[in-house]
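The values are calculated or read from the model by the stated rules, or taken from the named source; none is laboratory data. This is a predicted model, so every value here is computed, not measured. Using ideal geometry, Cβ is built from the backbone for each residue, glycine included, and neighbour counts are taken over all protein chains shown.
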Amino acid sequence: MSLDISFIGILIGSIMASSVPLILAASGELITERSGVLNLGVEGMMIIGAISGFALMVISDNLFIAIIGSMLSGVIISLIFGFLTQSLLTNHVATGLALTIFGIGLSAMLGKNYVGIPGKEFPVLFSGLKESIPFFGPILFGHSVVLYFAFALPFLTNYFLKKTKLGLVVRAVGDSPVSASNQGINVILVRYSCILYGGAMCGLAGAYLSLIYTPQWIENMTAGRGWIALALVVFATWSPIKVLIGALIFGGITILQLHMQAIGFRIPVQFLSALPYLMTIIVLVVISRDSRKIKLNTPTSLGRIFYKEK
Amino acid sequence: MIKIEKRNDVPMALYFFTPFIAIILTILGGGIIFYILGFNPIEALKFYFITPISNLYGFSELLLKATPLCLIAIGLSFCFKSNNWNIGAEGQLTFGAIVGGGVALLFYNQEGFYILPLVILAGAIGGMFFALIPAILKTYFNTNEILVSLMLVYVSKLLLDYLVVGPWSNPEGFNFPETRQFSDSSRMPLLFEGLRIHAGIFLALAAVMMSWFVLYKTYLGFQIKVSGLSLKTAKYAGFKGKTMILVVFMISGACAGLAGVGEITGPIGQLHRMISPDYGFTAIIVAFLGRLNPFGIIFASLVVALTYLGAETAQIFLQIPKYTGQVFQGMILFFLLASDYLLFFKVKILNLKKNELRH
């Protein structure tokens, strides 16, 4: 029995690890979307974060520089999106798609010389406690600092949006850019900041994959996680805490697949993989059917271009 | 001093000229990236854009890749023109290929003139059906079509994966993730001996003619264009919005389904995991670059097809990953969207006199 319980503890620990990139990217995208900007470039920003984190680790041999650098590269690549959509007023959907396509291509080009180089072990915290406490040990301890940050992030995001003045500004800009602008808020500046923040979080999510989760560089290694993160924001109906829950569900499905494959369970793995997407569609239908509900949750001006006559 | 003014109307000549600016800027941008990566930019660009089409085989390959891009983009132009953001063409392509491929597998050991038309029809219906899902959810449940069509891309790819690994995998295939080979009657006729270009190109050309006719000569086309310009006007004019949404998605899905069937009955000849190098997503770039105009799309599909071919050539000659094609595709769209700024805003360089400054 104790063996079973410790196995479940390890299982939960691995589910948490697999949900980290989703939490990071979705929390970043959530802030971006709350300001009224739909950035479909999540996958592209993540993959750029993954290669720049890994490359910087190899070049500098310093994991701290690698992590910070991956976030910076996420900021730089999202700046392209920000400049186009905010300063040149381009269509959000098309620009975001271009960003994803561009990012995947560029990362492969930059990563040409890094394929096959082994990664470095990323330090974990409290590894002693992980072994000594059954069940709770592998859940609470022995993780990287990025994981602890990721699990705190939804709560911080929630606090930021609900309790701070800046959070209110972000929500106002997303819900009604025109009235926010009339109140003297610089809508474009707020949106730029939210886009760059989203870029930083997506960059970090990518670096988590290439430095911690599977420490190596593989072309296209984000493997659709950016799209799942996008789905997750909708699945969570733009609420940070639900992002955390959703990420654990989606991450859990991934881990479950591996175990079911090992046991030889009968449900085809592809059906499990498709679940996050199908669940997102169902949630979309449920929240969209009721026009009041969708008004409550969705940033009203999501994806719309804001232009102020000067 | 620079002053920016909003234009009252978009100059048509500029509207069709900016795509060329975007292409030129992309080539320059590509040169700069090659230079940074330590290649001779002129030589690298030559491998990319000239070597691939310097012989007859290369030219046939260009048309082969342009065919699905053109077909899908034509379909998408109906959606985009009417403000419906179907970005799941990749899923509709995949589902069309699954349905068409399923029919082809039924006839795997038979020959007959009727088989290929049946397979093509099944593919179009499959794509159409798959596009109807986001359309119906949008019209009856008010869901966002961008997200639904996108999610379905992954659902369809996983379904294909399941089928080629599981129930449809070739019984004599040593567990490779692929189906049986289709019979010759399920294959698109080749146009020339020794080249891969096949009859599917006529489907693309037919789609171009059809879309030109529908968009510019019919009431439906008029409705689509008005809805795209202003939803309020369309409502005021009494257009049945719901029917139109369903119709544009069906057209778009059918075109994507045809593209999928063209691939599996053309160059591939069976179903496996990788039936499309993201043609469905790249076609969005084609639709934009072609300005949603049927003839513009033909031109744009050739340009974008060249980035696929160039990436393959560069992979061989420069040993760079073939994903680099996507760098060019992304840049084309970036530059195109950016140059659109010139369409809506006038940039004036003013020479202010002193007394004007005082005001």
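A few comments on the model shown:
- Among residues of segment B:163-198, those that are touching a residue at least 24 places away in the same chain (Cβ under 8 Å), of a type in the set (A, V, I, L, M, F, W, C) and buried (at least 17 other Cβ atoms within 10 Å of the Cβ), counted: 6
- Taking the criterion of being touching a residue at least 60 places away in the same chain (Cβ under 8 Å) and charged (D, E, K, R), the residues of segment B:305-344 that qualify are B:312, B:340.
- Complete set of residues in segment A:174-202 that are at pLDDT 95 or above, surrounded by fewer than 24 Cβ atoms within 10 Å (Cβ to Cβ) and among the small types (Gly, Ala, Ser): A:193, A:200
- The residues on offer are B:90, B:61, and the sole one that is more than 13 Å from chain A (Cβ to nearest Cβ), in contact with a helix residue (DSSP H, G or I) (Cβ under 7 Å, 6 or more places away or on another chain) and among the charged types (D, E, K, R) is B:61.
- Qualifying position, being closer than 24 Å to residue B:153 by Cα and assigned to a helix (DSSP H, G or I), among B:276, B:252, B:227, B:211: B:252
- Scanning segment A:203-219 for residues that are in a helix (DSSP H, G or I) and either buried (at least 24 other Cβ atoms within 10 Å of the Cβ) or not hydroxyl-bearing (Ser, Thr, Tyr) (or both) returns A:203, A:204, A:205, A:206, A:207, A:208, A:209, A:210, A:211, A:212.
- Residues within segment A:81-115 that are without any contact (Cβ under 8 Å) to a residue 24 or more places away in the chain and either among the basic types (Lys, Arg) or more than 7 Å from chain B (Cβ to nearest Cβ) (or both), tallied: 3
- Residue in segment B:116-130 that is modelled with pLDDT of 95 or more, within 14 Å of chain A (Cβ to nearest Cβ) and under 24 Å from residue A:270 (Cα atoms) present: yes
- Taken over segment B:1-39, the criterion of being in a loop (DSSP other than H, G, I, E, B) and free of Cβ contacts under 8 Å to residues at least 12 places away in the same chain is satisfied by B:8, B:9, B:38.
- Residue in segment B:260-270 that is in a loop (DSSP other than H, G, I, E, B), away from chain A (no Cβ under 14 Å) and more than 25 Å from residue B:79 (Cα to Cα) present: yes
- Number of the exception - residue B:235 against (1) within 14 Å of chain A (Cβ to nearest Cβ); (2) charged (D, E, K, R); (3) assigned to a helix (DSSP H, G or I): (1)
- Of all the listed residues (A:36, A:9, A:13, A:53), the sole one being more than 12 Å from the chain's Cα centre (by Cα), surrounded by 24 or more Cβ atoms within 10 Å (Cβ to Cβ) and at pLDDT below 95 is A:36.
- With respect to the conditions (1) farther than 27 Å from residue A:275 by Cβ; (2) within 14 Å of chain B (Cβ to nearest Cβ); (3) not small (Gly, Ala, Ser), residue A:233 falls short on a single one, namely (1).
- If you filter segment B:279-297 down to residues that are surrounded by 21 or more Cβ atoms within 10 Å (Cβ to Cβ) and not hydrophobic (A, V, I, L, M, F, W, C), you find that the one that is nearest to residue B:153 (Cα to Cα) is B:280.
- Within segment B:45-89, tally of residues that are out of contact with any Ser or Thr (no Cβ under 6 Å at 6 or more places or on another chain), over 19 Å from residue B:123 (Cβ atoms) and among the β-branched types (Val, Ile, Thr): 2
- Answer from B:280, B:290 - the residue that is touching an Asp or Glu at 6+ places or on another chain (Cβ under 6 Å) and in contact (Cβ under 8 Å) with a residue 24 or more places away in the chain: B:280
- Criterion (under 19 Å from residue B:127 (Cα atoms) and in contact with a helix residue (DSSP H, G or I) (Cβ under 6 Å, 6 or more places away or on another chain)) met by exactly one of B:203, B:195, B:163, B:159: B:203
- Hits in segment B:24-35 (condition: touching a helix residue (DSSP H, G or I) at 6+ places or on another chain (Cβ under 6 Å) and either closer than 10 Å to residue B:332 by Cα or crowded, with 17+ Cβ neighbours inside 10 Å (or both)): B:25, B:26, B:29, B:30, B:31, B:34
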